[in-house]
């Protein structure tokens, strides 16, 4: 079991007549991610509306902010319980046997044009044995082809740009891996969290993007950028690609500051808490059968 404490502070200066915000930065409540305590502050105080997606448990917060400074502060303590599996035992699931809720993650999406990559994936991965090993081969191929470089992409960068430019940040690695998996009829989806364990040389702690791939009736976690430790990953949003899970969507004239994020893991043998480390087993925080259940 992993015990995590995190804090997120978001700051905005709202101009003109005010702005509407849709946020998705609070930790999801799932069967494998237990929220022990959380606090949310909105300054100045104003009405908010909350909604939780019934399937993914992503939590959305809406507010209409007047002109001036807006600050949101979030604090949470969580316990993570991971499902571990032997990678060599995990098979790809035939499309005919996929649960209905998994099917959307087979299709091309805004940032993941899998329908453009059929020839490439068949040449690179079509002859490999199907299963977890083939997905790992895709991840390793992405890591060989793309170099991590901060501020090398923007909100318009899609997987084909990353394939051409060969540089990107975590979301670009994730989009390319997802597109390659879907081109092989392997369901893959985009998940956001916090980059626990990232090298401080890469910059301050930030939001992080990983990939989940559906194998053997369960979603398994992959980190194609290789910058964080998946065992310490806190699930926030789950979607087809980054368009579904932006931590802040803004309607209005707003100046944004960089998020201020802190995350730490606690170690206590008596309580059963261990520090996250890079494991060789396949790692999942899904409850199985395609669902993420609260």
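The values are calculated or read from the model by the stated rules, or taken from the named source; none is laboratory data. Small disclaimer: the values here were computed from a predicted structure and weren't measured. So basically every Cβ, Gly included, is an ideal-geometry build from the backbone, and we count neighbours across all protein chains shown.
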Of all residues in segment 42-66, which are under 15 Å from residue 13 (Cα atoms) and in contact (Cβ under 8 Å) with a residue 40 or more places away in the chain? 63, 64, 65, 66
Taking only segment 184-196 into account, find how many residues are modelled with pLDDT under 95 and over 15 Å from the mean Cα position of the chain (by Cα). 0
Could you tell me which residue of segment 152-166 is farthest from residue 117 (Cα to Cα), considering only residues that are modelled with pLDDT of 95 or more and surrounded by 17 or more Cβ atoms within 10 Å (Cβ to Cβ)? 157
So residue 225 fits all but one of (1) part of a loop (DSSP other than H, G, I, E, B); (2) more than 22 Å from residue 162 (Cα to Cα); (3) in contact (Cβ under 8 Å) with a residue 60 or more places away in the chain; what number is the exception? (2)
For segment 247-268, give me the residue count where each residue is modelled with pLDDT under 95 and crowded, with 16+ Cβ neighbours inside 10 Å. 0
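Can you say whether residue 121 is closer than 25 Å to residue 179 by Cβ, out of contact with any helix residue (DSSP H, G or I) (no Cβ under 7 Å at 6 or more places or on another chain) and crowded, with 17+ Cβ neighbours inside 10 Å, as far as the supplied structure shows?
no
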Just one listed residue, out of 134, 59, is over 27 Å from residue 26 (Cα atoms) and either buried (at least 17 other Cβ atoms within 10 Å of the Cβ) or modelled with pLDDT under 95 (or both), and it is 134
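Among the residues of segment 186-211, write down those that are assigned to a loop (DSSP other than H, G, I, E, B) and out of contact with any strand residue (DSSP E or B) (no Cβ under 8 Å at 6 or more places or on another chain).
197, 199, 203
Can you name every residue in segment 87-118 that is out of contact with any helix residue (DSSP H, G or I) (no Cβ under 9 Å at 6 or more places or on another chain) and either loosely packed, with under 13 Cβ neighbours inside 10 Å or closer than 27 Å to residue 251 by Cβ (or both)? If you could, list the steps in order and put the result at the bottom.
Our first condition is that a residue be out of contact with any helix residue (DSSP H, G or I) (no Cβ under 9 Å at 6 or more places or on another chain); within segment 87-118, this holds for 94, 96-97, 99-102, 104.
Once the filter is applied, which keeps residues that are out of contact with any helix residue (DSSP H, G or I) (no Cβ under 9 Å at 6 or more places or on another chain) and either loosely packed, with under 13 Cβ neighbours inside 10 Å or closer than 27 Å to residue 251 by Cβ (or both), segment 87-118 yields 94, 96, 97, 100, 104.
What residue, of 7, 50, is in contact with a strand residue (DSSP E or B) (Cβ under 9 Å, 6 or more places away or on another chain), exposed (fewer than 14 other Cβ atoms within 10 Å of the Cβ) and at pLDDT 95 or above? Talk me through it step by step, then tell me what you get.
Numbers: 7 fails: exposed (fewer than 14 other Cβ atoms within 10 Å of the Cβ).
After ruling out the rest, the residue left standing is 50.
Among the listed residues 233, 207, 214, which satisfies the condition of being within 23 Å of residue 152 (Cα to Cα) and either surrounded by 24 or more Cβ atoms within 10 Å (Cβ to Cβ) or under 15 Å from the mean Cα position of the chain (by Cα) (or both)? Talk me through it step by step, then tell me what you get.
Working: 233 fails: within 23 Å of residue 152 (Cα to Cα); 214 fails: within 23 Å of residue 152 (Cα to Cα).
So the residue among 233, 207, 214 that is within 23 Å of residue 152 (Cα to Cα) and either surrounded by 24 or more Cβ atoms within 10 Å (Cβ to Cβ) or under 15 Å from the mean Cα position of the chain (by Cα) (or both) is 207.
What about residue 181, is it touching a strand residue (DSSP E or B) at 6+ places or on another chain (Cβ under 8 Å), surrounded by 20 or more Cβ atoms within 10 Å (Cβ to Cβ), outside any strand (DSSP E or B) and at pLDDT 95 or above? Let's see the steps before the verdict.
Working: touching a strand residue (DSSP E or B) at 6+ places or on another chain (Cβ under 8 Å): yes; surrounded by 20 or more Cβ atoms within 10 Å (Cβ to Cβ): yes; outside any strand (DSSP E or B): yes; at pLDDT 95 or above: yes.
When the stated conditions are applied, residue 181 passes them.
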Under 9 Å by Cβ, and 6 or more places apart or on different chains, what pairs join a residue from segment 175-189 that is more than 19 Å from residue 157 (Cα to Cα) with one that is in a loop (DSSP other than H, G, I, E, B) and modelled with pLDDT under 95? 187/290
